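The values are calculated or read from the model by the stated rules, or taken from the named source; none is laboratory data. Owing to the predicted nature of the structure, the values given are computational and were not obtained by experimental measurement. In this analysis, Cβ positions are derived from the backbone assuming ideal geometry, glycine residues included, and neighbour counts consider all displayed protein chains. Surface areas here come from the heavy atoms of the whole protein model, side chains and all, with no ligands, DNA or RNA. Shrake-Rupley method; radii C 1.70, N 1.55, O 1.52, S 1.80 Å.
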Amino acid sequence: MNNSLIPEVLESKRVAYECTCGSLQSIHRIYFCRHCHQLRCRDCVSHEVDSQYCQHCLEYIPSIDAKLKKNKCASCFQCPSCMHTLTTRAIITQTPNPLDATQTQPKKVFFLICYYCRWSSRDIGIPDQSVASGNWPELETPNAKRLDALLDRYRLLAQREKLDKEKKRISPRSAIILLDKYGITPSLSPKVTATLRAKMAKSSSGFSLSDLKSPTEINDFESSVATDEIEPLDISAYYNASQDTDLGRTSSLRQRLMQVESQPNDSSRLYPVSQMLLVKHSLRCKQCDHNLSKPEYNPSSIKFKIQLSAYYHIPELRIKAIPQLKRGQDFRLEMTLQNPTPYALHVTIFDLAENSDESAAIQVPDFVMGLSPKDDTADLDIDQNLKSQFNDDKNFITFRKGNKLGFYINVCPLKSGECRFKIGMKHDFVNTVIQSSNSGTDRQPQISWITHKIWINLGDVSD
């Protein structure tokens, strides 16, 4: 099999479904909302972070701990040379006996090593540890104190703005005025009246920065000052031919960006990089606010609690074979339809030529095509009665195989260049979540008719 055809077969980029926002996506990259019956791409949904975990040790990290650890795992590290995951290796070394200096005793120590490029923590002088879990030294950020001061300052400002908004939104003074206006104050108990008066006095006094406890005060904060003095760039290391540059000891651009705090020039100063955390996020429809995708919280699980990918609910349209395209020459394009649902579907294909600028003239089947339900336990060899069951037209229907069928579309390229046209697909959808009932007791799945716009790209046309 030609390897260049594998992405085309798996991704089906030549057949694109049009989302409600107008973007064209493969059926494997869009979602179907069964509540509003619309296709949604990743730009039409809301992304919500459910959990954070380490992809190496599969440890679940709570959101509060992830913020404190700067979204990094405390026990897993990446190789600073090749970016692969480092492994903890144990060896036995001889150390002096504290009771007798003339004798030695064995001791088990641990160090980090990369089995891909053979880099180890001993190359940069990191001491071996007595436990496998850690306490590996981290590279200190040169401007760590200044960054912490900035964070404290902006956190203090955010708290002050939040309290100012709450003070404007809730005003006890207005409540007292209304009570006095309508004569309700005498009917209240003295305890309730005193409480409202106290809140009014507290609100009228305003908000002061002394109410917030922070190590950094706003008035004592040292602001940054712009200066015209710039440290000159030393270009002798790059353009001086008399100096021999050792490329083996010079760090690459990727290695420097992995340690953006220090950006070492020498590879001997590359420290292990903490493994970044990954997230499991759920997708929610922006229109009806229902979940389209929600994974399980367990980091080692790849299952989903809710997975409304269009591939599981919408009939998949694919191109079976593309003949040689010539301008003005008619040909029959064979396509396939597949039913992913356990219910029988009825599909209609129709032309959506909106103007005369179409690059091809097409003729589609003008009848309803029935698709058998998907049944994984059925024997695919026993399909002799399917053609007689659906009464297929032999001029358009080419084959039937389980929940899949093939049909022809007559295409005539009109212009040179890219042959691209748009068709419509209408089918019924059985919604088992939303049920309809004529009476109070008999409830059945809701059946709706849905229409999609599909773009088909056949490639370049030869003259």
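Couple of notes before you dig in:
- Unmet criterion (only one of (1) assigned by the TED database to the domain that holds residue 396; (2) in contact (Cβ under 8 Å) with a residue 60 or more places away in the chain; (3) assigned to a loop (DSSP other than H, G, I, E, B)) for residue 297: (1)
- The single condition from (1) more than 25 Å from the chain's Cα centre (by Cα); (2) open to solvent by less than 40 Å² (accessible area, probe 1.4 Å) that residue 310 fails is (1).
- Residues within segment 29-55 that are open to solvent by 40 Å² or more (accessible area, probe 1.4 Å), part of a strand (DSSP E or B) and under 17 Å from residue 452 (Cβ atoms), tallied: 1
- Subset of segment 324-340 that is touching a Lys or Arg at 6+ places or on another chain (Cβ under 8 Å) and within 30 Å of residue 463 (Cα to Cα) - its residue that is modelled with the lowest pLDDT: 327
- Residues located in segment 57-105, provided they are open to solvent by 40 Å² or more (accessible area, probe 1.4 Å), in a loop (DSSP other than H, G, I, E, B) and under 24 Å from residue 261 (Cα atoms): 69, 70, 71, 81, 84
- Options 137, 142: the member that is assigned to a loop (DSSP other than H, G, I, E, B) and surrounded by 11 or more Cβ atoms within 10 Å (Cβ to Cβ): 137
- For the residues 252, 242, 268, 210, the requirement of being under 30 Å from residue 55 (Cα atoms) and either at pLDDT below 85 or open to solvent by less than 50 Å² (accessible area, probe 1.4 Å) (or both) singles out 268.
- On inspection, residue 151 fails the criterion of being modelled with pLDDT of 70 or more, under 30 Å from residue 223 (Cα atoms) and touching a Lys or Arg at 6+ places or on another chain (Cβ under 9 Å).
- Qualifying residue in segment 272-284 (condition: open to solvent by 80 Å² or more (accessible area, probe 1.4 Å) and modelled with pLDDT under 90): no
- Segment 285-318 - residue that is at pLDDT below 90 and among the β-branched types (Val, Ile, Thr) and, of those, nearest to residue 419 (Cα to Cα): 306
- All told, residue 359 falls short of being of a type in the set (Gly, Ala, Ser) and free of Cβ contacts under 8 Å to residues at least 12 places away in the same chain.
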